[in-house]
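I have placed the structure first, in the form of structure tokens, so that the comments after it can refer back to it.
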Amino acid sequence: AQSVSQHNHHVILSEAASLELGCNYSYGGTVNLFWYVQYPGQHLQLLLKYFSGDPLVKGIKGFEAEFIKSKFSFNLRKPSVQWSDTAEYFCAVNASEGNTPLVFGKGTRLSVIA
Amino acid sequence: DAGITQSPRHKVTETGTPVTLRCHQTENHRYMYWYRQDPGHGLRLIHYSYGVKDTDKGEVSDGYSVSRSKTEDFLLTLESATSSQTSVYFCAISETRRGGYNEQFFGPGTRLTVL
């Protein structure tokens, strides 16, 4: 069965600091990988996705993630966070074949302080 | 934003009552999903559908049933609501793209409180 582990439950950063959120998954086959963001009181929005090809994926709002197959990892990065990045971030995975449901990590809450 | 609506958006009910949540899409996507979101648990799959009248159980399906009589609607029913079902419920949709990949789009959520 698939599983996703997000290492940090709550991260607190000052504005302009760099961000890296860890995500590791467990699955024996080929996967699709996603990062979703949930701003306070809102629904989930897709930040970026990896299906195949270049393992460095760029998403919206300056976020990027790197798929390292040997480490089963898909860490999210941003060089300089802003107060508006305060949100909860979810890593998710599904099998690359078919429309299998997503398996989510438990989320990382990011608080950016001025 | 994908055309997904959920109703009601907020509901308070009492233990033991049946509750039905509706997810409606205008994207004609084949696949639909129900997740619940709880602090410390992320999102967990309740049920999903891969076509009209075709559904399957997810990780936390006990106490829930679903129905999909037409492409655009996916109903989630709590047969006899319990306090442990207090949660935020999200519907999602997806479709297979060229190359076999897909991404899921999420609705706005329904906040359910069971007293």
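The values are calculated or read from the model by the stated rules, or taken from the named source; none is laboratory data. The model shown is predicted, which means the values in this text are computed figures rather than measured ones. Note: ideal-geometry Cβ built from the backbone for every residue, glycine included; neighbour counts use all protein chains shown. The area values use the complete protein model at the heavy-atom level, side chains included, leaving out ligands, DNA and RNA. Shrake-Rupley method; radii C 1.70, N 1.55, O 1.52, S 1.80 Å.
So the values come out like this:
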{"read-out": "Accessible-area composition of the protein assembly as shown, carbon plus sulfur, in percent [1.4 Å probe]", "value": "49 percent"}
{"read-out": "Cα Rg, Dmax (largest Cα-Cα span) when computed across chain B, Å", "value": "13.6, 47"}
{"read-out": "Mean separation of Cα contacts under 8 Å (6+ apart) over length of chain B, as relative contact order %", "value": "34 percent"}
{"read-out": "Residue-normalised accessible area of region A:3-113, expressed per residue, 1.4 Å probe, Å²", "value": "46 Å²"}
{"read-out": "Viscosity 0.692 mPa s, 37 °C: Kirkwood-radius Stokes-Einstein D of chain A over Cα pairs, µm²/s", "value": "232 µm²/s"}
{"read-out": "Simple spin-label estimate for B:SER84 and B:ARG22 in nanometres, 7 Å along Cα-Cβ", "value": "3.0 nm"}
{"read-out": "Student exercise, region A:3-113 dipole from Lys, Arg, Asp, Glu Cβ charges, in Debye to nearest 20", "value": "80 debye"}
{"read-out": "Radius 10 Å from Cβ of A:ASN32, net charge of other residues (Lys, Arg +1; Asp, Glu -1)", "value": "-1"}
{"read-out": "Threshold 10 Å² - residues in region A:59-103 whose accessible area is reduced by that much or more when the chain is no longer isolated, probe 1.4 Å", "value": "A:PHE90, A:ASN94, A:SER96, A:GLY98, A:ASN99, A:PRO101, A:LEU102"}
{"read-out": "Segment A:GLN45-A:SER3, extension gain: residue separation times 0.36 nm, minus the distance between their alpha carbons", "value": "13.1 nm"}
{"read-out": "Between A and B, accessible area buried - total, square angstrom, nearest 100, 1.4 angstrom probe", "value": "1700 Å²"}
{"read-out": "Compactness of the protein assembly as shown, expressed as Rg and Dmax over alpha-carbon positions, Å", "value": "17.6, 51"}
{"read-out": "Projected label distance in nm at A:GLU66 and A:GLN82, using a 7 Å step from Cα toward the beta-carbon", "value": "2.5 nm"}
{"read-out": "Simple Cβ-charge dipole of chain B, Lys/Arg +1 and Asp/Glu -1, about Cα centre, in debye nearest 20", "value": "140 debye"}
{"read-out": "Pairs of lysines in the protein assembly as shown (C-alpha under 28 Å apart; 8 or more residues apart or interchain)", "value": "26"}
